[in-house]
Amino acid sequence: MALKTRHLGKPTRIPASPQPSTLDRVPNPHADTHYVARFTVPEFTTLCPVTGQPDFAHLVIDYVPGRWLVESKSLKLYLASFRNVGGFHEECTVAIGKALTKLLAPRWLRIGGYWYPRGGMPIDVFWQAGRLPKGVWVPDQGVAGYRGRG
């Protein structure tokens with residue numbers, strides 16, 4: 001079966017801004033099975049919408065796919081496009097979760113945005129959609145709470 005993707009196997013530039021239309025999906029070959037797919041993004045970057053200074057986060061995206069999987073190259077491009085635009089931590093984290101949920105219609109999805117301090121205070125943002133199917137094992141996101149230099 002030929003996949004209809006815009007980015008896979010093709011030279012592609014990072015989009016100028018995070019448009020959900022950047023995201024591609026592919027059929028889930030195990031749509032009859034409940035399992036968790038995880039994407040870890042330890043160097044997510046965006047800009048503070050007030051100061052224009054860079055903000056950094058460690059994102060963890062877990063989902064139980066239905067009929068669709070997110071195509072990973074398109075996800076990398078989508079996430080990288082945030083580096084040139086301003087957005088509050090909550091805005092970016094929730095927008096990513098909503099875009100993936102709209103694209104994939106997963107059985108369950110959660111995103112943890114573990115943001116490095118801004119103004120001396122880290123802001124962590126968590127969002128989820130759907131209910132975790134019974135019996136599905138989801139590991140801890142594995143990101144320690146912020147401790148500074150201590």
Setting aside same-chain residues fewer than 8 positions from Lys76, which aspartates and glutamates have a Cα under 14 Å from its Cα?
-> Asp24, Glu43
Count the net charge of all other residues whose Cβ sits under 14 Å from the Cβ of Arg110, scoring Lys and Arg as +1 and Asp and Glu as -1.
-> +1
Nearest-ten-degree value, helix 89-104 long axis tilted from longest Cα axis of the chain = 10
Of (1) 2, 9, 14, 15, 13, 10, 9, 8, 7, 5, 4, 3, 1, 0; (2) 2, 10, 15, 17, 16, 13, 9, 7, 5, 3, 2, 1, 0; (3) 2, 9, 18, 21, 19, 14, 9, 5, 2, 0, 0, which is the value of P(r) over Cα pairs in 5 Å bins from 0, in percent derived from the coordinates here?
-> (3)
About its Cα centre, what dipole magnitude does the chain give when the only charges are +1 on Lys and Arg Cβ and -1 on Asp and Glu Cβ, stated in debye to the nearest 20?
-> 360
Amide H within-cut-off set for Asp124, under 5 Å, with H built and near neighbours excluded = Trp115
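By how many nm would the segment from Phe39 to Arg6 grow when fully extended, if each residue of separation counts as 0.36 nm and the alpha-carbon distance is taken off?
Numbers: separation 33, 0.36 × 33 = 11.88 nm, distance 2.01 nm.
Full-extension gain reported as 9.9 nm.
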Using the structure shown, list the pairs from Lys10/Lys102; Lys73/Lys98; Lys102/Lys134; Lys4/Lys98 with a Cα-Cα distance above 20 Å, or answer none.
-> Lys10/Lys102; Lys102/Lys134; Lys4/Lys98
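For Phe56 and Ala16, what does the FRET efficiency come to when R0 = 25 Å and r is the distance between their Cβ atoms, rounded to the nearest 0.05?
On the way: r = 20 Å, r/R0 = 0.80.
Efficiency, from the Cβ-Cβ distance: 0.80.
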In order over the range 58-66: 3J(HN,Hα) from phi, Karplus 6.51/-1.76/1.60, θ = phi - 60°, whole Hz, x for each Gly or Pro, gives 10, 9, 10, 10, 10, 8, 9, x, x
Phi-derived 3J(HN,Hα) across the range 75-82 with the Karplus relation (6.51, -1.76, 1.60, θ = phi - 60°), rounded Hz, x for Gly and Pro, is 5, 4, 5, 4, 5, 5, 5, 5
Rounded to whole Hz, the Karplus (6.51, -1.76, 1.60) HN-Hα couplings of the range 37-49, x for glycine and proline | 10, 10, 10, 10, 10, x, 10, 5, 9, 9, 10, 5, x
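Readers should treat all values here as calculations from the given coordinates under stated rules, not as data from a laboratory. Keep in mind it's a predicted model, so treat the numbers as computed, not measured. Cβ coordinates were reconstructed from backbone atoms using ideal geometry, including for glycine residues, and neighbour counts include every protein chain displayed.
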